[in-house]
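Taking it in order: structure first as structure tokens, then the write-up.
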Amino acid sequence: MKPFGWIQPAQVAPAELMVNICLWLAAGMALSIATAWLVLDVMAIRAFTEHSAIIVLLVILWFVAALVLNVLFDRFNTWLALAGLALMSILSGLLLASLFPLAGIIVHLAITGGMYLLGAAIAHFAGSSLRGSGYYWLMALAGLLLAIAVNSLRHSGLLLWFGSIMAVLFFSAVSAYKSKSIAVSARELYAREFTTVQSSAIRGALAIWLGVITAFFRTLELLSYLLPGTSSR
């Protein structure tokens, strides 16, 4: 006989968790777009595009914030994880605003956010029929088709084509890589603290954002060794 008051925690449904993670990531992309639009169009701050010191400062803030959030991630409750996700989305919007024109930023982030919205729809309707890497292949394919459609309709240049396709591949690859650890963390967190799926989804979305930044930094580090003239002799 089981002890009085003992409760068997429900299993976290992978499809439901992925739907919410995708929606939070899409919301983060929308926040980045809004930040860039506010700086470049509404406020029209010319310093963002004229002073290299601002770019350097934002790059440092971007990486330092990601490092601090990575170190403290396991201690975060839901609200701190949500604040971290909002912080990285805003910093990403500011950094992109210092480097690229608004139209290009909107195209890249809208395509990536659209991929996650399509991913949420796929997870919702397919449910448990999609397992393992199949879901992420399908989400990446949806993102690539969206990138092709948007860039074709806009008659985008080569850089926009390349950037949007790389963003789709980068985010979908990191999402697939992080999927197992996110699912395990969600089950453990729910069994220990009875948190909601929404809480686990916010942490999962932040984990993917931080994973993308880490992968981006490691890619730059790798390129610095591979490209001629960048590594020490």
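The values are calculated or read from the model by the stated rules, or taken from the named source; none is laboratory data. Treat the numbers as computed from the prediction; the structure is a model and nothing was measured. For neighbour counting, all protein chains shown are included, and Cβ atoms are generated from backbone atoms with ideal geometry for every residue, glycine included.
Could you tell me which residue of the stretch 196-233 is modelled with the lowest pLDDT, considering only residues that are outside any helix (DSSP H, G or I) and over 18 Å from LEU85 (Cα atoms)?
Among them, the one singled out is ARG233.
The rows are residues; the columns are (1) closer than 16 Å to ALA205 by Cβ; (2) within 14 Å of the chain's Cα centre (by Cα).
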| position | (1), (2) |
| --- | --- |
| ASN77 | yes, no |
| ALA83 | yes, no |
| SER92 | yes, yes |
| GLY104 | no, no |
| HIS124 | no, no |
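Tell me, yes or no, whether the stretch 129-141 has at least one residue that is outside any helix (DSSP H, G or I) and aliphatic (A, V, I, L, M).
Among the residues of the stretch 129-141, at least one is outside any helix (DSSP H, G or I) and aliphatic (A, V, I, L, M), which makes the answer yes.
Yes or no: THR35 in a helix (DSSP H, G or I), modelled with pLDDT of 95 or more and surrounded by 14 or more Cβ atoms within 10 Å (Cβ to Cβ)?
On the way: in a helix (DSSP H, G or I): yes; modelled with pLDDT of 95 or more: yes; surrounded by 14 or more Cβ atoms within 10 Å (Cβ to Cβ): yes.
It is true that THR35 is in a helix (DSSP H, G or I), modelled with pLDDT of 95 or more and surrounded by 14 or more Cβ atoms within 10 Å (Cβ to Cβ).
Within the stretch 146-160, restricting attention to residues that are modelled with pLDDT under 95 and buried (at least 16 other Cβ atoms within 10 Å of the Cβ), which residue is farthest from the chain's Cα centre (by Cα)?
SER156
Could you please find all residues in the stretch 44-82 being surrounded by 14 or more Cβ atoms within 10 Å (Cβ to Cβ) and either closer than 20 Å to GLN198 by Cα or among the polar types (S, T, N, Q) (or both)?
Hits for the stretch 44-82 are THR49, LEU69, ASN70, PHE73, PHE76, THR78, LEU80, ALA81, LEU82.
Determine whether the stretch 2-21 contains at least one residue that is in a helix (DSSP H, G or I), modelled with pLDDT of 95 or more, touching a Leu at 6+ places or on another chain (Cβ under 9 Å) and under 27 Å from ILE208 (Cα atoms).
no
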